[in-house]
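Here the structure is laid out as structure tokens; the discussion comes afterwards.
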Amino acid sequence: MDQVLDALRAAADPTRLRILGLLEKGELTVSELVSILGQSQPRVSRHLKILVDAELLERIREGSWVFHRLHLGEGGARARTMVSLIPANDPVRGQDLARLSEIEEQRARAAEDYFAKYAPEWDRLRQLDVDEEAVATAVRELLPLSNKQKLLDLGTGTGRMLQVLGPDAGEALGLDNSHEMLAVARSNLKRWGLENCQLRQADIMAMPLIYGTFDAVVVHQVLHFLDRPWAAIAEATRALAPGGRILIVDLAPHDVEELRELHAHRRLGFTDEEVQDWLQAQDLSLETVHHLPGKLGVTIWLARRIGVAAHTIESKTVDQGAPL
């Protein structure tokens, strides 16, 4: 009861309730909240501290940026309950959501401009992260496919994961929202002779697919560009057939701030605990974690839909280029 009362007291302020309503939609930085709320940063920061102390919010520091999001535990559930009590036609709520939409559109335009600019040299840019052959070797080892299985590659970019896994799959589909990326990918697929692989322009956050039909879903170096990476995992899970597996490849936590401005990175990598929480929230059983060191460390997470016996979690650190 004390925790509930603390939560109610913390939310009993118009600005703090507005903050909860905004963060229900996803993570935001302090500066983004300041822009939406039209209040000073010190004032917004004080409100955020009260909400964090009441365990309604979580504070995540990444380099010089600080994100806030709803608490992943019971506090987050309490926050959503309180937000649900705000009338849908409340004018202040409507203004907040309109400003939030503008910020999200600005982010999307920046990302689209970046991908359009760098699509022809995307494969070279990815090598800033880790030796691509080391990643490819690990992916093939962790996710062996047969010619009776269907593969889905989300955010396929230039089609690199289709090149790695496509030859062994029966069918493969790559989705990407960037026309420029898909133009490069189509050229690559033809050059690689991958006739069993198809491409489609689509938003991976709202896939126009028949759900529950893919044996494997790959999300390769995509999550760090997204505002709501956990939502992409949820969407990927819906595409999985019973017993299907999801393989995520992304950056380990780092402090290379320039990637935000120069390469449109939204997040500076992910911890194992963070990704595991997101997987468990979708009833996915984490089977294996692999860490590959490099200029920027890369982690591979492999999970399976619950209902199929899961293996003991295995954690390895692999030297760049060394066999698994």
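The values are calculated or read from the model by the stated rules, or taken from the named source; none is laboratory data. Note that this is a predicted model, so its numbers are computed, not measured. Glycine also receives a Cβ, built like all others from the backbone with ideal geometry; neighbour counts cover every protein chain displayed.
Across region 232-258, the number of residues qualifying as part of a helix (DSSP H, G or I) and of a type in the set (V, I, T) comes to 2. Screening L189 against (1) assigned to a helix (DSSP H, G or I); (2) under 26 Å from R61 (Cβ atoms); (3) over 12 Å from the mean Cα position of the chain (by Cα) leaves a single unmet condition, (2). Can you find a residue that is of a type in the set (A, V, I, L, M, F, W, C), under 30 Å from E258 (Cβ atoms) and surrounded by 13 or more Cβ atoms within 10 Å (Cβ to Cβ) anywhere in region 3-15? Checked region 3-15: no residue is of a type in the set (A, V, I, L, M, F, W, C), under 30 Å from E258 (Cβ atoms) and surrounded by 13 or more Cβ atoms within 10 Å (Cβ to Cβ).
Tell me yes or no: at least one residue of region 250-257 is under 13 Å from V275 (Cβ atoms), surrounded by fewer than 20 Cβ atoms within 10 Å (Cβ to Cβ) and in contact with a Phe, Trp or Tyr (Cβ under 9 Å, 6 or more places away or on another chain). Looking for residues that are under 13 Å from V275 (Cβ atoms), surrounded by fewer than 20 Cβ atoms within 10 Å (Cβ to Cβ) and in contact with a Phe, Trp or Tyr (Cβ under 9 Å, 6 or more places away or on another chain), one finds at least one in region 250-257, hence yes.
Looking across G21, G38, one residue alone is modelled with pLDDT of 90 or more and surrounded by fewer than 16 Cβ atoms within 10 Å (Cβ to Cβ). It is G38. Look at (1) surrounded by fewer than 19 Cβ atoms within 10 Å (Cβ to Cβ); (2) in the same structural domain as L251 (by TED's automatic domain parsing); (3) in a helix (DSSP H, G or I); (4) modelled with pLDDT of 75 or more and you find that A134 fails only one, number (1).
The number of residues in region 163-174 being surrounded by fewer than 21 Cβ atoms within 10 Å (Cβ to Cβ) and part of a loop (DSSP other than H, G, I, E, B) comes to 1.
Suppose we filter region 64-87 for residues that are over 21 Å from S31 (Cβ atoms) and of a type outside the set (D, E); how many remain? Number of matching residues: 16. The set of residues in region 60-79 that are of a type in the set (K, R) and either surrounded by 14 or more Cβ atoms within 10 Å (Cβ to Cβ) or at positive phi (or both) comprises R69, R78. Checked against the criterion of being without any contact (Cβ under 8 Å) to a residue 60 or more places away in the chain, aromatic (F, W, Y) and under 28 Å from E32 (Cβ atoms), the candidates W230, W192 yield just one match: W230.
Condition check ((1) part of a helix (DSSP H, G or I); (2) free of Cβ contacts under 8 Å to residues at least 24 places away in the same chain; (3) of a type in the set (F, W, Y)) across all residues:
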residue	(1), (2), (3)
N147	no, yes, no
M161	yes, no, no
V184	yes, no, no
L199	no, no, no
G212	no, no, no
V219	no, no, no
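What's the total number of residues in region 276-286 that are crowded, with 16+ Cβ neighbours inside 10 Å and in contact (Cβ under 8 Å) with a residue 40 or more places away in the chain? The total comes to 4.
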